[in-house]
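Some notes on the structure that comes next.
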Amino acid sequence: MSIDMKKYVEQIEKKFPEQSEFIQSVDDVLSSLGPVLERHPEWVKDKIVERLLEPEHMVSFRVVWEDDNGEPQVNIGYRCQFNGALGPYKGGLRFAPNVYPGLIKGLAFEQIFKNALTGLPIGGGKGGSDFNPNGKSDKEVMRFCQAFMAEANKHIGANIDVPAGDQGVGGREIGYLFGQYRKITGRYEAGVLTGKGVETGGLAGRAEATGYGIVFFIQNMLKANGDSIEGKTAVISGFGNVAWGTAQKLEQVGAKLIAFSGPDGYILDESGITGEKVEYMLELRASGKDICSPYADKFPEAKFFPGEKPWGVKADLYIPCATQNDVHLEHAKQIVANGCKYYCEGANLPTTPDALEYLQKNGVIVGPAKAANAGGVACSAIEMSQNAQLTVFSKEDVFERLEGIMKHIHDSSAEAAEEYGFGYDLVAGANIAGFIRVAKAMQAQGWV
Ligand code: GLU
């Protein structure tokens, strides 16, 4: 029996033509699943794919907050609880002006498989708001978070749905959200949010976890190809939390980071982005301006290229850590022309489908985001278990577990790809390994 996976994608495209990120994510995941469904006719009969494509719940709500001039401001809040077969819905909140239902659904759909790959008991969800945090005062951010939680609290809980950070939502925002949740409910339910500060039940090392996990994943990917990360030159995009953690770990494992970027252009620093230069990324982010050019004023050995992306810089390893649709076909062509062998996604959905196809067709080994950046959410699940046990785990314990989890994600993705005839294709393997875990849980739970 040969299964037409395209028909599912076409149905989604027809139903939600404007939801491009959701369509992209569905297309990516389903394109690897034909051989799996051929071996599991019972999943076809039970309509596992049809059920998987429909979120269990999706809410949107009005968020009204007061700005510093005493004026009311209105935004939209979202929470998509896509699939809870493996555990409480789990995924970040994104505050950015381009947030709309198609982006939240696309990211939530990715999150289902990412969370499944960690091997931990977490379902998939995502949320956020079209609130733009750039240029807002600290008190405005606080009032926005309080107004957001005044609605969101009705939908979340340690055993229901556990939001965390994502773009525009870091430790500060999670702190404000948690304070408001505690005030509204009157309960110190630490496990309702992850990414908290350590003083509020947060996990030591959670801030670094996503970036560290990406580099652990790359080490496994290189090892499987008889290579090592030591001495490799690397280019990343972005300068947020993920980029910062990745840069720190690259230095620790002896790779040389030479470029990073912001929406205003990219920084080239051939002397190597290490030590205080990596920490300076945090200052750039905290400035709320969303620009990276001040790096070149502070460190004169660096050069700033306004309005350009960093993908033309020659390196051994490329790691997009900024945002979705960051690498287009023209960039994939530059990356291939640079003679690169390894490309690993740090951000969610950073590569357009045609760019991904071009990279893979030209022999570049690709680490997909849902596998490579799963260390962040894996550590969130560890934070949930820390809170449930009323205990505190050490940073050393966390990083040791993280390293093991990233190896498990790499190896299970590689094995699934091999088993279903895709060779060493981690993109297909991650989709298959994640899907099989979710499908088994859905089948076990009957027609719900
Ligand atoms: N926002 C992160 C992600 O994309 C983390 C989610 C979480 O920790 O729940 O995976």
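Computed from the coordinates by the stated procedures, all read-outs in this text should not be read as laboratory data. Note that this is a predicted model, so its numbers are computed, not measured. For neighbour counting, all protein chains shown are included, and Cβ atoms are generated from backbone atoms with ideal geometry for every residue, glycine included.
Given H placed 1.01 Å from N in the peptide plane, which residues other than close sequence neighbours of THR233 have an amide H under 5 Å from its amide H?
Residues meeting the amide H criterion: LYS256, ASP316, LEU317.
Under 18 Å Cα to Cα from LYS126, which aspartates and glutamates show up? Leave out anything in the same chain fewer than 8 places away.
GLU21, GLU54, GLU56, GLU110, GLU151, ASP161, ASP166, GLU173, GLU383
Arrange the peptides 80-93, 263-276 so that the one whose residues have, on average, the most other Cβ atoms within 10 Å appears first.
Ranking, from highest mean packing down: 80-93, 263-276.
Can you compute the radius of gyration and Dmax for the chain, using only the Cα atoms, both in Å?
According to the Cα coordinates of the chain, Rg and Dmax are 20.9, 65 Å.
Take the alpha-carbon centre of the range 79-153, take the same for the range 319-379, and report the distance between them in whole Å.
The range 79-153 and the range 319-379 have Cα centres spaced 23 Å from each other.
Looking at this model, which pairs from LYS341/LYS407; LYS196/LYS309; LYS90/LYS154; LYS223/LYS370; LYS277/LYS309; LYS114/LYS341 are more than 26 angstrom apart at the alpha-carbon?
LYS196/LYS309
Sorted by packing (mean other beta-carbon atoms within 10 Å per residue), highest first, where do 323-331, 254-262 land?
Taking the mean over residues of other Cβ atoms within 10 Å, the ranking is 254-262, 323-331.
Do me a favour and compute the ellipsoid semi-axes for the range 152-200 from its Cα gyration tensor, root of five times each eigenvalue, largest one first, whole Å.
So the equivalent ellipsoid measures 16, 12, 10 Å along its semi-axes.
Rounded to the nearest Å, what's the spacing between the alpha carbon centres of the range 22-56 and the range 209-255? Just the number, please.
The range 22-56 and the range 209-255 have Cα centres separated by 32 Å.
Hey, what's the Cα Rg ratio for the range 309-358 versus the globular rule of thumb, 2.2 N^0.38 Å?
It is 0.98.
Please arrange ILE3, ILE122 by counting, for each residue, the other beta carbons lying within 10 Å of its beta carbon, fewest first.
The most exposed by this proxy come first: ILE3, ILE122.
Bin all alpha-carbon pair distances of the range 271-399 at 10 Å intervals from 0 and give each bin's fraction as a whole percent.
Spelled out per bin, shortest first, that is 11, 31, 32, 21, 6, 0.
Compare the peptides 436-447, 187-198 by average per-residue count of other Cβ atoms within 10 angstrom and give them in order, highest first.
So the peptides 436-447, 187-198, ranked by packing, come out 187-198, 436-447.
Residues of the range 246-280 with the amide nitrogen closer than 13 Å to a label point 7 Å from the Cα of GLU230, along Cα-to-Cβ, please.
Correct set: 253-255.
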